[in-house]
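Computed from the coordinates by the stated procedures, all read-outs in this text should not be read as laboratory data. Small disclaimer: the values here were computed from a predicted structure and weren't measured. Quick reminder, even Gly has a Cβ in these numbers, built from the backbone with ideal geometry, and neighbours come from all protein chains shown.
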Amino acid sequence: MKRLGILLSGRGSNFLAIAHAIDRGQIKNAEISIAISNRAEAAGIVAAQSRGLATRVIETRGRKRAQQDAEIVACLREHGVEMVCLAGYMRLLSPEFVAAYPQAILNIHPSLLPAFPGLDAQAQALQYGVAITGCTVHFVDEQLDHGVIVYQRAVPVLEGDDEASLSARILEQEHVAYPEAIARVLSGNYTIVDRRYVARASHNATLIGETK
Ligand code: GRF
């Protein structure tokens, strides 16, 4: 069983998409060991509690990032977490946090990175006038919305879209993308070349290839 840790700050719909994917066996051999929020009022943490998961609130307010992150890493370790999933966690991680979980922290962002990093990615896409945007699941490094891309899904911008309608259509694709990306990473069937995520052929596929 791979132990996942979830970090969130708000609504928690991506957290729930991950939890449902574990329940239905799309993400195999994994469990959520702890859900951590930096906001006590986050709906996502209430949802985690009502699913009977271990939860912790580690508040941001008035604290240095390094101090808060050290507490989060200690909590993740306490729960044996091997992979961290940021699910609407609205805070940049310290270099110490990133170093504590090398290539084992994932994030989801509501644009096709490297376009529109940072806040309000959907509004940025509308303002820029792109015809296609989407969502990206990526490994987390020290820079905002920057690490190696694992998986992306495209979403067209439709005539008459506003921030709410576009965000809602992107969110639907986020809920597909995040579980799929986690399943792929947990399978271990990949290598990273420079900053490219390269899926490795499965054992069977390799055998078939070799007989040609
Ligand atoms: C999502 O749009 C995600 O891409 C971004 O924050 C939002 C979180 O939504 N990082 P939710 O809390 O998972 O519903």
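At a glance:
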quantity	calculated
Neighbour cut-off at most 16 other Cβ (10 Å), DSSP loop, GluC sites (Glu not before Pro), region 1-77	GLU41, GLU59
Value of [θ]222 nm, deg cm²/dmol, for the chain, DSSP H segments ≥ 4, -39500 (n - 2.57) each, nearest 500	-11500 deg cm²/dmol
Antiparallel %, DSSP beta bridges [both residues in the chain], to 5	45
Computed over region 38-139: relative contact order in percent, which uses C-alpha pairs under 8 Å that are six or more apart	21
Most mobile of THR133, THR55, THR191 in a GNM of the chain (Cα contacts under 10 Å)	THR191
GluC sites (Glu not before Pro) lying in DSSP loop within region 118-166, provided at most 11 other Cβ fall within 10 Å	GLU159
Where only alpha carbons of the chain are counted, the Rg and the Dmax (Å)	17.6, 63
Max mean-square fluctuation residue, GNM over the chain, Cα-Cα springs under 10 Å, options ALA35, ALA87, ALA100	ALA100
Neighbourhood net charge (9 Å Cβ-Cβ; Lys/Arg +1, Asp/Glu -1) for LEU4	0
Point-charge dipole on Cβ atoms (K/R +1, D/E -1) for the chain, about Cα centre, debye to 20	560
Distance histogram in 10 Å bins (all Cα pairs of region 17-66, percent per bin)	24, 43, 25, 8, 0
